[in-house]
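Derivation of every value follows stated rules applied to the coordinates shown; laboratory data play no part. Just so it is clear, the structure is predicted and the values come from calculations on it, not from any experiment. Cβ coordinates were reconstructed from backbone atoms using ideal geometry, including for glycine residues, and neighbour counts include every protein chain displayed.
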Amino acid sequence: APPPISALQETAVTTIARGTFDVTVKPLPSDEFAEAAALGRMSIDKQFHGDLEGSSKGQMLATGTAVTGSGAYVAIEKVTGSLKGRRGSFSLQHRAWMAGGKQGMTITVVPDSGTEQLIGLSGTLLIIIAEGKHSYEFSYSLPGAN
């Protein structure tokens, strides 16, 4: 029998993937629940370049507060393409907040969402925005990829 997933993850080596991405975010129609909770709902459409080549589609829910510059968003997106030559898809979960000029963001691979050659993928994605351009640094583990 194969070892449990936790044992595979412990032996997997963390690899860094880097590149850029283009993103389009568009408002989606609201509904009574979004309006009651003062939520904005948006679509996410990305094209990844570099070590991760492919595209993603997703949705974001965001909210602001009475204080300018404070708020939060959550999102789920499904990425399809290749990661350093290994084909498949996986999903990412976003959690982010802003308050008092500070911000925090965590983007993680949804457990067990990897398909095809990306089965067993785990990791975190860092988004970097500099000079109006978006790039990423993806720290990941993939059993059997090393």
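If a/c stays under 1.5 just call it rounded; otherwise compare a/b with b/c (prolate if a/b is bigger, oblate if not). Do that for the chain, with a ≥ b ≥ c from the square roots of the Cα gyration tensor eigenvalues. Before the final figure, lay out the partial values.
Working: a/c = 1.96, a/b = 1.80, b/c = 1.09.
Prolate.
When the Cα centres of region 65-136 and region 15-62 are compared, how far apart do they sit, in Å?
Between the Cα centre of region 65-136 and that of region 15-62, the gap is 9 Å.
Would you kindly derive the ³J(HN,Hα) couplings of region 123-133 from the backbone phi angles with the Karplus curve 6.51 cos²θ - 1.76 cosθ + 1.60 (θ = phi - 60°), listing them in order in whole Hz, with x for Gly and Pro?
Result, ordered by residue: x, 10, 10, 9, 9, 10, 10, 9, 6, x, 10 Hz.
So what is the relative contact order of the chain, in percent, for Cα pairs below 8 Å that sit 6 or more residues apart?
Averaging sequence separation for qualifying contacts and normalising by length gives 23 percent for the chain.
Can you tally the net charge around residue 134? Count Lys and Arg as +1, Asp and Glu as -1, for every other residue whose Cβ sits under 9 Å from the Cβ of residue 134.
+1
Only Cα pairs within less than 10 Å get springs; with that Gaussian network setup on the chain, which residue of 37, 62, 99 has the largest fluctuation?
37
Quick one: which of 73-81, 14-22, 129-137 comes out on top by average Cβ neighbours within 10 Å, and what's the full order, highest first?
Top to bottom by mean Cβ count within 10 Å: 73-81, 14-22, 129-137.
Straight-line reach from residue 26: which aspartates and glutamates have Cα under 16 Å away, leaving out those fewer than 8 places along the same chain?
Of all the aspartates and glutamates, those that pass the test against residue 26 - Cα under 16 Å, at least 8 places apart if same chain - are 45, 77.
Would you mind calculating the gained length between residue 32 and residue 47 on full extension (0.36 nm times residue separation, minus the Cα-Cα distance), in nm to one decimal? Mind dumping the intermediate values first?
Numbers: separation 15, 0.36 × 15 = 5.40 nm, distance 3.15 nm.
Once the chain is fully extended between residue 32 and residue 47, it gains 2.2 nm.
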